[in-house]
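The values are calculated or read from the model by the stated rules, or taken from the named source; none is laboratory data. These numbers come from a predicted model, not from an experiment. Quick reminder, even Gly has a Cβ in these numbers, built from the backbone with ideal geometry, and neighbours come from all protein chains shown.
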Amino acid sequence: MSHGKHSIDLAIRSGFQAIALLLVFGTSGPKLSAQFDGYTLTPLENLNTTDDEVLIGWDGRTIYFSRSDRSDDDKGNRGWFRQEKSDWESQRTQGWTDFESPHSVVLRAFSSANWPGFDAVQHVAIDEARGVLVMSAAESARDFDLYMAQESEGGWSIPRPLTSLNTDGDEVFPNFQSGTLLFASNGRTDGLGGFDVFQSLRADNYGSAQPLAAPLNSPGDELAAIPAGNGNDAGFYLAAARMAGSGMDLWWAGRPSQEESEQAEFALEFRFQRAPMTGLQVNIQERGGAHVFSGQSDAAGRVRVGSIKLDAAMSVQVTADDGRKSIPDGAVCHVFERCADGLCEAEYWKGWRRVRSYRMEGGSAFVFDLLPLDALGRWPRPNGEDSSQLNKEAVVWTGRFEKSRFQLAENDRIELLKWLNRAKTESGEWPDQWKLEVVGYADASGSAVQNEALSKLRAEHAKTVALATGMDPNRIVCEGKGSLGSVGTSKFDRRVELRWVPLQ
């Protein structure tokens, strides 16, 4: 995503399906009902300012909104809808309320040469699947009303007013959700006050409308609501003026998570021949398609992903210049986890611990799985059938070596023995559902043959320490990976990693 101002041709209905001052979003989402029990409002703090922000669209990954100077005028003042506004976009990074810093964008209004007589077009929504369009527009100095047009082989028909929905007030910001029309109005008497969001059903031929229930509507102003998510994760993005806000702001309305999920903050680093790879596009989604993160690697070849649920299965896709450039064969992707404050200060990326590395195969895109993320250093909690004392702090142990050495220093050997024994059950038995994985590494200073041999010696030495505790050798997997993933001659590359992994 470019950080500069750019235009989106809203007359193109492919890709993310964008059209008009509204983009064609909202064809899936929560089923609308009269009640939204348990919904809570959360402000989108990274997007809201002391100015007015109004929701324009949502495509499942990116939110689009307008911003204008804060006005003390009531939003019923029709001139407010004609004011100059700037347009913005921002990608969701985590959950439903965490967004990256917004970027300026130009959204061009959709119009047709067959549509004369409109003084202003406020907002347009297109139901792509059903070939209908609803727009909010004003003729001369009149109020904003809703108009519908039908698509045919010859283009769009002349928009006709939806007389059953229009009032003497303003009807603005139409949106579609699975054939249901959502719009805001301040001219209806069945709302809660000010502007409220109403729904009108296709099955009713858009002949009537009902207000959305609280907390989506309130005695304040609500100008737009767009559904997002599915099932228990469903909710709405909302543009509303509320007591806790700073004028017209953006909100998420949905049910809070029923279960708290442990999270950790992760980052990626990309290198080729030890040099950072900049400008790589990174997209992460949960298995099944839910978008989690999008971003670009910086001048150090790094991209901070943010906090991610440890029990999630993630798919990571990396491209260069949107796939127009090839990723060189042999490039490396390092996965980092942020350490607790005061820890990992000696690492080459201070405050971050490298937990995994991937060799990137050449081509237009590189895709790999992080499944599950708890395998990067945190594992499921012990249950009734596994009374070992393994926990999130005890699953991985890393030892370092002086240059060309393969034996651990005495203090490290003692720490390793303590770490191993902590995995035993309260009765002194080894956990019967786990095995020990031992992997040795070398830095990049020697030849490939030398590095592989040295890494194997380091792994075998750590295995010998483990065997001294009485562990069954059949429960130990041991290998050397040479200088795989090494970024130089740092002591952080001269290491051995011991990791408890579940038996298959």
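Please work out which residue is surrounded by the most Cβ atoms within 10 Å (Cβ to Cβ), limiting yourself to the range 150-170 and to residues that are among the polar types (S, T, N, Q) and part of a strand (DSSP E or B).
Gln150
What do you reckon, is Phe173 modelled with pLDDT of 95 or more and either surrounded by 18 or more Cβ atoms within 10 Å (Cβ to Cβ) or not assigned by TED's automatic domain parsing to the domain that holds Leu146 (or both)?
No, not satisfied.
Name the strands (runs of 3 or more DSSP E) wholly within the range 316-386 that hold at least 1 residues that are at pLDDT 85 or above, surrounded by 15 or more Cβ atoms within 10 Å (Cβ to Cβ) and at negative phi?
Hits in the range 316-386: 331-338, 352-360.
Leu416 versus (1) in contact with a helix residue (DSSP H, G or I) (Cβ under 6 Å, 6 or more places away or on another chain); (2) in a helix (DSSP H, G or I); (3) surrounded by fewer than 18 Cβ atoms within 10 Å (Cβ to Cβ): which is the lone unmet condition?
(3)
Can you confirm whether Asn205 is surrounded by fewer than 24 Cβ atoms within 10 Å (Cβ to Cβ) and within 26 Å of the chain's Cα centre (by Cα)?
Judged against the criteria, Asn205 is not a match.
For every residue, the table says whether it meets (1) surrounded by fewer than 15 Cβ atoms within 10 Å (Cβ to Cβ); (2) in contact with a strand residue (DSSP E or B) (Cβ under 6 Å, 6 or more places away or on another chain); (3) at pLDDT 90 or above; (4) not assigned by TED's automatic domain parsing to the domain that holds Cys339.
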| site | (1), (2), (3), (4) |
| --- | --- |
| Leu268 | no, yes, yes, no |
| Gln273 | yes, no, no, no |
| Leu280 | no, yes, yes, no |
| Asn283 | no, yes, no, no |
| Gly295 | no, yes, no, no |
| Val303 | no, yes, yes, no |
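What single numbered condition from (1) part of a loop (DSSP other than H, G, I, E, B); (2) touching a Lys or Arg at 6+ places or on another chain (Cβ under 9 Å) fails to hold for Tyr147?
Here Tyr147 meets the rest and fails (1).
Mind checking which residues of the range 176-196 are surrounded by 16 or more Cβ atoms within 10 Å (Cβ to Cβ) and either under 18 Å from Ile126 (Cα atoms) or not assigned by TED's automatic domain parsing to the domain that holds Asp59 (or both)?
Passing the criteria: Phe176, Gln177, Ser178, Thr180, Leu181, Leu182, Phe183, Ala184.
Could you list, in sequence order, all residues of the range 208-221 that are buried (at least 18 other Cβ atoms within 10 Å of the Cβ) and of a type in the set (A, V, I, L, M, F, W, C)?
Ala209, Leu212, Leu216
Kindly provide the set of residues from the range 89-127 that are modelled with pLDDT under 85, assigned to a loop (DSSP other than H, G, I, E, B) and within 30 Å of Val305 (Cα to Cα), ordered by number.
The one that is modelled with pLDDT under 85, assigned to a loop (DSSP other than H, G, I, E, B) and within 30 Å of Val305 (Cα to Cα): Gly95.
Picking from Thr464, Thr425, which residue would you name as being polar (S, T, N, Q), more than 23 Å from Glu269 (Cβ to Cβ) and touching a strand residue (DSSP E or B) at 6+ places or on another chain (Cβ under 8 Å)?
That would be Thr425, the only listed residue that is polar (S, T, N, Q), more than 23 Å from Glu269 (Cβ to Cβ) and touching a strand residue (DSSP E or B) at 6+ places or on another chain (Cβ under 8 Å).
Test of understanding: among Glu437, Glu410, Glu452, Glu460, which residue is farther than 19 Å from Val501 by Cβ and surrounded by 14 or more Cβ atoms within 10 Å (Cβ to Cβ)?
None of the other options fit; the residue is Glu452.
Taking the range 395-409, which residues are in contact (Cβ under 8 Å) with a residue 12 or more places away in the chain, in a loop (DSSP other than H, G, I, E, B) and farther than 15 Å from Asp443 by Cα?
Result: Val395, Gln407, Leu408.
If I ask for residues that are at pLDDT below 85 and surrounded by 15 or more Cβ atoms within 10 Å (Cβ to Cβ), which ones from the range 24-67 would you list?
Those that are at pLDDT below 85 and surrounded by 15 or more Cβ atoms within 10 Å (Cβ to Cβ): Val24, Phe25, Gly26, Thr27, Gly29, Pro30, Leu32, Phe36, Tyr39, Asp59, Gly60, Arg61.
Which members of the range 422-443 meet the condition of being modelled with pLDDT under 85 and not basic (Lys, Arg)?
Matches in the range 422-443: Ala423, Thr425, Glu426, Ser427, Gly428, Glu429, Trp430, Pro431, Asp432, Gln433, Trp434.
Before we move on, is Arg354 in contact (Cβ under 8 Å) with a residue 40 or more places away in the chain and assigned by TED's automatic domain parsing to the domain that holds Thr278?
yes
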